[in-house]
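Input: a single structure, listed below in structure tokens.
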Amino acid sequence: MQRKLILSTPLLEITISRICQELIENHQDFANTVILGLQPRGIYFAERIKHELSTILNKELPIGYLDATFYRDDFRRREPLKPNANKVPFIIESKKVILIDDVLATGRMVRAALDAMTAFGRPEKVELCVLIDRIYNRDLPVKADYFGKKVNTLDTEKVLVEWKEQGFLIKWNNSVLVIF
Amino acid sequence: MERTRFFDKMEQLSTRHLLGIKDLNPNDIELIMATAKEFKEVINRPIKKVPSLRDVTIANVFFENSTRTRLSFELAEKRLSADTINFSASGSSVKKGETLLDTVNNILAMKVDMIVMRHASPGAPHFLSNHIKANIVNAGDGTHEHPTQALLDSFSMQERIGDLAGKKIAIIGDILHSRVALSNIFALKKQGAEVMICGPSTLIPRHITATGVTVSHDVREALAWCDVANVLRIQLERQQIKYFPTLREYSLYFGINKKMLDELDKEIVLMHPGPINRGVELSSDAADSHHSIILDQVENGVAVRMAVLYLLAAQN
């Protein structure tokens, strides 16, 4: 398996703060906005964004973890995925939701997440924020409102985001890799 | 071309049917518990439904009476968005002499993917599993096994006292006629718990110690020993002969009341699979005390059955 590094600290830190600036531009003080990280890997990126925003705005922002496993459209059609915990400690009714995931590829997980979200209320608006946008891998008409980096990859390639919070012991601390 | 992805794949059950706890391995039990935990969160939301089983049809085939199990299964199926049909032997062609296999094959001809079955004969679901393609969930077969009840009992115990390895569980009451007792013994042993069964000697099956349990005939001894007491119903409808003189005498020797629980120098957890004969095996003050997790068991029943149905459906 060949690995290629496409993003790492410090560029990753700069990317995160750039995304946060874009978010602030659209959501100002986040009075009516909540952050939802998508399980299993989007939560680490969501926590980073939340931490950065909290520092800039000097206030705690509400964050939730959403698991869309039970809402996937490929259940019984391919190997099932492991469900993860949902942690949505607020009602998203009439809120603006920023849905955060690490990698956007087919868009199917996002579709499932939009479905899963309705169990917690009807959001006023949903925006999608991803670190890596695999532009030519889409199955569904899904577009990211905020993205860290667009990459052009094949279906057979994998894009892996390794956060140090996940316990990856690598020399770059945080990194995004393409694996052939 | 198969897409590659990094998500964690779910483990799968080692069996296509849930016929009894005896066929499961400890990993299966752990997987069901972990999945049930996620479903418990789902059923406590304002919107309690997920679309996972939207293309699955499940038949609930009940040849024997049931309230809790049937409602619980039906609710679990609906919460997973499965299509359900219900069949009860009373008021059906079974009364006209149709065989079990014919009845079920007719139901399956209507394109049903899963069968949830309760039957008065031990082994009925095992027999079916040799002849039909659909996944079978045993919802109780005579005095043999009632696997989902044992799983929900284990889930409820874990919620209260954590990992069951090394914990002491007493099963008290009519062991001889109880499918819940046998499934519970298998489930608890596989999770490393110590099990004691307690009841009048006429209601303890012969050779039960072969399953690795200890036997007591003194309910006070059992209560003093255990962390959890799972109290079973006296199943008068299955008792064709007299196993003890009177219900009053049974209640005096084996009934549990609040006073007995208060006299213990420790907290124990009190369980009952229902339906309770109040004043026989459990007094009302004990059944409604803070020791009791009887209603938690019912709530967890839906989550555990969702997990079982989900995991079996995942194999197709």
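Okay, here's what the table says:
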{"read-out": "The range B:13-44 and the range A:49-99: distance between their alpha carbon centers, rounded to Å", "value": "25 Å"}
{"read-out": "Prolate/oblate/rounded call for chain A, Cα gyration tensor, a/c under 1.5 rounded", "value": "oblate"}
{"read-out": "Length-normalised contact order of the range A:1-112 in % [C-alpha pairs under 8 Å, at least 6 apart]", "value": "32 percent"}
{"read-out": "Partner chain coverage, peptide B:147-155 - average Cβ within 10 angstrom", "value": "0"}
{"read-out": "Total formal charge among the other residues, if their Cβ is under 15 angstrom from that of residue B:190, Lys/Arg +1 and Asp/Glu -1", "value": "-4"}
{"read-out": "Average partner coverage of A:71-83, which counts Cβ from other chains inside 10 Å", "value": "6"}
{"read-out": "Whole-number Å³ per residue for the convex hull built on Cα positions in the protein assembly as shown", "value": "185 Å³"}
{"read-out": "At R0 = 41 Å, FRET efficiency that the Cβ-Cβ distance of residue B:246 and residue A:85 yields, to 0.05", "value": "0.20"}
{"read-out": "Shielding by partners - mean other protein chain Cβ count within 10 Å, residues of B:44-54", "value": "4"}
{"read-out": "Three-way shape call for the range A:1-88 based on the alpha-carbon gyration tensor, with the a/c threshold at 1.5", "value": "oblate"}
{"read-out": "Computed lengthening from residue B:299 to residue B:68, 0.36 nm per intervening residue step minus Cα-Cα distance", "value": "82.1 nm"}
{"read-out": "For the range B:147-293, alpha-carbon Rg relative to the globular expectation (2.2 N^0.38 Å, N residues)", "value": "0.95"}
{"read-out": "Simple spin-label estimate for residue A:9 and residue B:207 in nanometres, 7 Å along Cα-Cβ", "value": "6.5 nm"}
{"read-out": "HN-Hα J in Hz across the range B:190-197 - Karplus 6.51, -1.76, 1.60, θ = phi - 60°, x for Gly and Pro", "value": "5, 9, x, 7, 8, 10, 10, 10"}
{"read-out": "Other-chain or far-sequence residues with amide H under 5 Å of residue B:137's (modelled H)", "value": "B:18, B:115, B:116, B:117"}
{"read-out": "Segment residue B:120-residue B:284, extension gain: residue separation times 0.36 nm, minus the distance between their alpha carbons", "value": "56.1 nm"}
{"read-out": "10 Å beta-carbon shell around residue B:305, net charge (K/R +1, D/E -1)", "value": "-1"}
{"read-out": "CD proxy at 222 nm, helix term only [per DSSP H run n ≥ 4: -39500 (n - 2.57); per residue of the protein assembly as shown; nearest 500]", "value": "-10000 deg cm²/dmol"}
{"read-out": "Fraction of antiparallel bridges per DSSP, the protein assembly as shown only, in percent to nearest 5", "value": "20 percent"}
{"read-out": "Sequence-separation-based contact order of the range B:1-147, relative, with Cα cut under 8 Å and 6+ spacing, percent", "value": "26 percent"}
{"read-out": "Least to most buried among B:55, B:8 (fewest other Cβ within 10 Å first)", "value": "B:8, B:55"}
{"read-out": "Kirkwood Rh, Cα atoms: Rg over Rh of chain B", "value": "0.98"}
{"read-out": "DSSP-defined beta bridges in the range B:147-293 - what % are antiparallel, rounded to 5", "value": "0 percent"}
{"read-out": "Packing-based exposure ordering (other Cβ within 10 Å, fewest first) of B:295, A:154, A:38, B:176", "value": "B:295, A:154, B:176, A:38"}
{"read-out": "Three-way shape call for the range B:1-152 based on the alpha-carbon gyration tensor, with the a/c threshold at 1.5", "value": "prolate"}
{"read-out": "Cα→Cβ-extended label distance, 7 Å offset, between residue B:260 and residue A:54, nm", "value": "5.2 nm"}
{"read-out": "Sequence ranges A:44-53, B:149-158, ranked by mean other-Cβ count within 10 angstrom, highest first", "value": "B:149-158, A:44-53"}
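Throughout, read-outs are computed from the coordinates displayed, never taken from laboratory work. Remember, predicted model here, so these are calculated numbers, not experimental data. Neighbour counts are summed over all protein chains in view; Cβ atoms, including those assigned to glycine, are modelled from backbone coordinates with ideal geometry.
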